[in-house]
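Heads up: the structure comes next, in structure tokens.
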């Protein structure tokens, strides 16, 4: 069953990409109702090294009602999959950097530096605050960590 048969006036408007969690969002209009809808397509298990053509086939099967039409091109979806892949940075907290070559470690250091520079705020930047103090509520019992004047 194609969307063209179930919604004869289905009009895809634009695609969006969400990077975390990775997904493609299709915005479409049904003129008979005058309403805009968003259809989310999760890119489950997508990695930087995944085959984008395999993911295209998988997405087209899973979301056939929306994508198996003449109104949406495979090239556009492939471009979005690649865009999400390019944004994926492997989780360094689970990666053993000691097992990588010096060149690979340098590559990850550069990515971390880029992220740091992008988020860095210096005096004069909008949103800059000097000496920020934040207090957090403990989720667990942390009475062992309370300051006691008796200990001093």
TODO: For residues that are surrounded by 11 or more Cβ atoms within 10 Å (Cβ to Cβ) and modelled with pLDDT under 90, tally how many sit in the stretch 30-42.
DONE: 2
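Mind checking whether some residue in the stretch 126-147 is in contact with a helix residue (DSSP H, G or I) (Cβ under 9 Å, 6 or more places away or on another chain) and at pLDDT below 80?
Taking the stretch 126-147 and keeping what is in contact with a helix residue (DSSP H, G or I) (Cβ under 9 Å, 6 or more places away or on another chain), we get 138.
Add one more test, that the residue is at pLDDT below 80, and what stays is 138.
Looking for residues that are in contact with a helix residue (DSSP H, G or I) (Cβ under 9 Å, 6 or more places away or on another chain) and at pLDDT below 80, one finds at least one in the stretch 126-147, hence yes.
Has the stretch 107-116 got any residue that is within 24 Å of the chain's Cα centre (by Cα) and not in a helix (DSSP H, G or I)? Give the derivation first.
Of the stretch 107-116, the ones within 24 Å of the chain's Cα centre (by Cα) are 107-116.
Still in the list and also not in a helix (DSSP H, G or I): none.
No: the stretch 107-116 contains no residue that is within 24 Å of the chain's Cα centre (by Cα) and not in a helix (DSSP H, G or I).
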Task: Residues that are touching a helix residue (DSSP H, G or I) at 6+ places or on another chain (Cβ under 6 Å) and loosely packed, with under 12 Cβ neighbours inside 10 Å, drawn from the stretch 43-74 - done: 48
Task: Top-ranked residue in the stretch 75-103 [being closer than 13 Å to residue 43 by Cα and at pLDDT 85 or above; ranked as surrounded by the fewest Cβ atoms within 10 Å (Cβ to Cβ)] - done: 82
Task: Extreme residue, nearest to residue 108 (Cα to Cα), among residues of the stretch 44-74 that are at pLDDT below 90 and in contact with a strand residue (DSSP E or B) (Cβ under 6 Å, 6 or more places away or on another chain) - done: 46
- [ ] Of all residues in the stretch 53-85, count the ones that are more than 16 Å from the chain's Cα centre (by Cα) and farther than 25 Å from residue 10 by Cβ.
- [x] 2
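The values are calculated or read from the model by the stated rules, or taken from the named source; none is laboratory data. Quick caveat, the model's predicted, so the values are computed rather than measured. So basically every Cβ, Gly included, is an ideal-geometry build from the backbone, and we count neighbours across all protein chains shown.
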